[in-house]
Amino acid sequence: MDDASTRSASRALSSPLRMRILRLCRFDARTNKELADLLGVNPGTTLHHVRMLVDAGFLEAQPERSGAQGAREVPYLATGRSWNASMDDQIPVLMETVRQQVALADPDAVLLGWLGLRLNAEHKAELDQRLRDLLVEYKDKTPDADGDPYSLVVITHPDLNPPAAR
């Protein structure tokens, strides 16, 4: 990918709304109108974001279909290219996307864990690798035909909790 393509891809992923569009199109092809309805935004706004994702190669148009009253509809499906794409402002964009998604979820259906760890470099590297491996394992699994959609977010970060003076 050349620099212009990399910048275009990074820009396309720099919006929580576009990230949510990708998530909605991960397993099911959806039309612009369906996306607008699901996201509660204007179809014109959604179309702008969909086109940006298509141009960057993150969404792909599927065969046209007839909608209500015979209207021509184009559904879009995520290509999966965003998994390895670099993006500017990745942390704030993903954190805001996750915040929006979790805010809409039934709290009883959300599993959350938070803990503090004290790890040396070797154990931190081991934890990171095991988490990456688990994410890749589940990303690469064939989706369950009878399954429900879920999001999985894993964050490790330096804890701003320095050791006490001795």
For segment 66-121, which residues satisfy the criterion of being aromatic (Phe, Trp, Tyr), farther than 18 Å from ALA12 by Cβ and surrounded by 10 or more Cβ atoms within 10 Å (Cβ to Cβ)?
-> none
Across segment 37-49, what is the total count of residues that are surrounded by fewer than 19 Cβ atoms within 10 Å (Cβ to Cβ) and either in contact (Cβ under 8 Å) with a residue 40 or more places away in the chain or under 22 Å from SER151 (Cα atoms) (or both)?
-> 5
Inspect segment 52-70 for any residue being closer than 30 Å to PRO158 by Cα, assigned to a helix (DSSP H, G or I), of a type in the set (Gly, Ala, Ser) and out of contact with any strand residue (DSSP E or B) (no Cβ under 8 Å at 6 or more places or on another chain) and give the result as yes or no.
-> no
Any chance segment 21-44 includes a residue that's modelled with pLDDT of 95 or more and assigned to a strand (DSSP E or B)?
-> yes
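Which of the residues spanning segment 112-132 are under 22 Å from PRO163 (Cβ atoms), small (Gly, Ala, Ser) and not in a helix (DSSP H, G or I)?
Within segment 112-132, GLY116 is the sole residue that qualifies.
The values are calculated or read from the model by the stated rules, or taken from the named source; none is laboratory data. It should be emphasised that the depicted structure is a prediction, and the values quoted were computed from it without experimental measurement. Glycine also receives a Cβ, built like all others from the backbone with ideal geometry; neighbour counts cover every protein chain displayed.
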